[in-house]
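Notes to accompany the following structure.
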Amino acid sequence: MPGLPAFCFRPRDLRRGAALTLAVLAALGAAASTGCWDRADATDASASASGSASAPGLPLTRTSAAAPDVSRQAGTADREAVARAAAEAVAEGKSGKKAAQEVVSRSGDRWGTVYDQGEYAAFAEDLDGRWTGVGLWAGRREGGRIEVERVQPGSPAARAGLRTGDRLLSVDGHGVTGLAVADVVALLRGAAGTPVVLRLSRDGADFTETVRREQLRHEPVTVRELPGGITVIKVVSFTRGSGDQVRAAVRAAPAGARLMLDLRGNPGGLVTEAVTAASAFLDGGLVATYDVRGSQRALYASPGGDTAKPLVALVDGGTMSAAELVTGALQDRGRAVTVGTRTFGKGSVQMPTRLPDGSVAELTVGTYRTPAGRSLDGGGIIPDVAAGDGAEDRARTVLGGLGVGP
C-alpha cells in the first residue's frame, strides 16, 4: 500500500457524488480530492489501537505525529476511538472499515471518511495524475441519470466511439441510475487489461460496448494564448509535478504578457504543489497558515516568482481547498485580481490513520487560513469581480486595465 499523504484538504461530499461532476474512472482521485500533503508524518494503527509510526518527512514543513492531541475541535473524530473500534471489529472477525466509519459518522466530522486499501491505492495513483479506467468523465443529472460529460482522447472509451451526452445505464450488469457517482466509480474500477461491459443509451437507442481498462494519464496544466498578449494557464488539479508546470508556463510567457490563471473547477490536490504554483507569482512570503490539533504552522512561497506580469485568477464554485489556498494567497497579497463566483469553501485539514485491516481513516485535525487570517471553511472566497458565464471575457477586460510592469 502506498505511503500515506499525511495532511489532506478534501471534501467528503464530492466523493459521495451529489450533483457535481467527477472523473468517473478516477476513483476518489484527482477529480474527487481537494488537497493532500505529498509526504509527512502519519499514524499507523495496524500494531495496536493507539500505536503510531512515522512516514517520510515533508520537505516544506513538518508536524510530528507524536505531537500531543490537544484541544480536539467539535465536529472532529477522535483518532484513538476510531482506531480502537476498528481493532475490536477485526478481533471479532468483522469489518474494521465499517466500524471505523460508524465512529466517524457519529462524531459529526463532516469531512472524515474511511477508505479501504483499494480505494486508497487508487487515490495515491490519482495524485500522480494517473488512474486505471476507460477514460470517461460523467455527471449525475436530474432523476439520478448518469451521463458522459467528456471522453479522454485516445482512451478505450474514445476508441469505442463513446460520446459526450451518452447516458450510462449499467456497468457489468449493475444498473447505475440513481447511484452516487462515487458508487459508479467503484463499479468501473479494476485491473488494467480487464474488460468492462457498459450499457448506454444515445438518442433513445440502447447499445452495449465492451472495453478494456487501461492505465491513463491526464495533463494537470495546459497553456493557451489569447489575442492581446494574454497567456491562459489552466490548472485542472494540483497533482504531482503541476506546481513546476505552472512555474515553467509563467517563465515561458513573453515579457509583455498578461496572465490568466484559470482555477475554475479545480478540486485541489497536493498542498506542496499548490504552494509551488503560488511561488510562480510571488517573491517569497506567506502563502497560508494552518493548525493541527492546536499546533500552528505556516507555508511560505519560494523567492524569485514573477511579480511584474498582470495577473487575473478565474474561480468558481468548483474551486476548492488547495486551489482556494492559492487563490487566497494571491488575493490577500495583492498579486492577482480574482474574477468569477464564490469558491467552494473547504479550509479544514485531514490526517490519515492506518487501521488494523489496512483501511485508512481520514480525520479532521485543524484548519488553514489565508495570509490575512481569513478562514475559508464554509465561506469560500468572494472574487474581486463577480462574473458568471462570461467570466473569461470579463477577465480579459480586467487585464486590459492592468498596467504591465517593467
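For segment 101-108, in order, what is each residue's ³J(HN,Hα) by Karplus, 6.51 cos²θ - 1.76 cosθ + 1.60 with θ = phi - 60°, in whole Hz (x at glycine and Pro)?
5, 5, 5, 4, 5, 5, 6, x
Give the long-range amide H neighbours of Leu169: residues separated by 5 or more places, or on another chain, with amide H under 5 Å away, using H modelled in the peptide plane at 1.01 Å from N.
Placed amide hydrogens put Arg199, Leu200, Ser201 under 5 Å from Leu169.
Can you tell me the order of 380-387, 126-133, 362-369 when each peptide is scored by its average per-residue count of other Cβ atoms within 10 angstrom, highest first?
Details: 380-387: 18.0, 126-133: 21.8, 362-369: 24.1.
Put in order of decreasing packing, that is 362-369, 126-133, 380-387.
Put a dot 7 Å past each Cα toward the Cβ at Arg141 and Leu286; how far apart are the dots in nm?
4.8 nm
Antiparallel as a % of all DSSP beta bridges within segment 224-363, to the nearest 5?
Details: 13 of 27 bridges.
Once the DSSP bridges in segment 224-363 are tallied, antiparallel ones form about 50 percent.
In segment 76-112, which residues have a backbone nitrogen under 14 Å from the label point lying 7 Å from Ser375's Cα in the Cα-to-Cβ direction?
Correct set: 76, 110.
Which ³J(HN,Hα) values, rounded to whole Hz and listed in residue order, are derived for segment 227-232 from phi using the Karplus coefficients 6.51, -1.76 and 1.60 in 6.51 cos²θ - 1.76 cosθ + 1.60 with θ = phi - 60°, glycine and proline given as x?
x, x, x, 9, 9, 9
Check each of the trypsin sites (Lys or Arg not before Pro) in segment 139-209 and keep only those in coil by DSSP with at most 13 other C-beta atoms within 10 angstrom; list them in order. All intermediate terms of the calculation are to be shown ahead of the outcome.
Working: sites: Arg140, Arg141, Arg145, Arg150, Arg159, Arg163, Arg167, Arg189, Arg199, Arg202; in loops: Arg141, Arg145, Arg163, Arg189.
When the trypsin sites (Lys or Arg not before Pro) of segment 139-209 are filtered for loop state and at most 13 Cβ neighbours within 10 Å, Arg141, Arg163 remain.
Cα to Cα, under 27 Å, and not fewer than 8 places away if on the same chain: which lysines meet these conditions relative to Lys97?
Lys346
Per 0.36 nm of contour for each residue apart, how much would the distance between Arg202 and Arg159 grow if the chain were fully extended, relative to their Cα-Cα spacing? Walk me through the intermediate numbers first.
Details: separation 43, 0.36 × 43 = 15.48 nm, distance 1.67 nm.
Contour length minus Cα-Cα distance gives 13.8 nm.
State the volume of the convex hull built on the alpha-carbon positions of segment 93-168, expressed per residue in Å³ and rounded to an integer.
Output value, Cα hull per residue: 154 Å³.
Can you return the aspartates and glutamates within cross-link range of Lys98? Criterion is Cα-Cα under 15 Å, with same-chain partners fewer than 8 residues away left out.
Glu88, Asp116, Glu119, Asp357, Glu362
Give the residue list of GluC sites (Glu not before Pro) in segment 91-166 that are DSSP loop and have at most 15 other beta-carbon atoms within 10 angstrom. Don't skip to the answer; put the middle values down first.
Values: sites: Glu92, Glu102, Glu119, Glu125, Glu142, Glu147, Glu149; in loops: Glu92.
Sparse-neighbourhood loop GluC sites (Glu not before Pro): Glu92.
Hey, can you grab everything whose amide H is under 5 Å from the amide H of Leu282? Only 5+ residues off in sequence or another chain; H modelled, so Pro and N-termini drop out.
Under 5 Å from the amide H of Leu282: Gly305, Asp306.
Just to be sure I understand the model, the point goes 7 Å from the Cα along the line to the Cβ. What's the resulting Ile382 to Arg217 distance in nm?
With each label placed 7 Å out from Cα toward Cβ, I get 4.3 nm.
Every number in this text was worked out from the coordinates using simple rules, so none of it is lab data. Because the structure is predicted, anything quoted here is derived from the model rather than measured. Note that we place each Cβ from the backbone using ideal geometry, even for glycine, and neighbour counts take in every protein chain shown.
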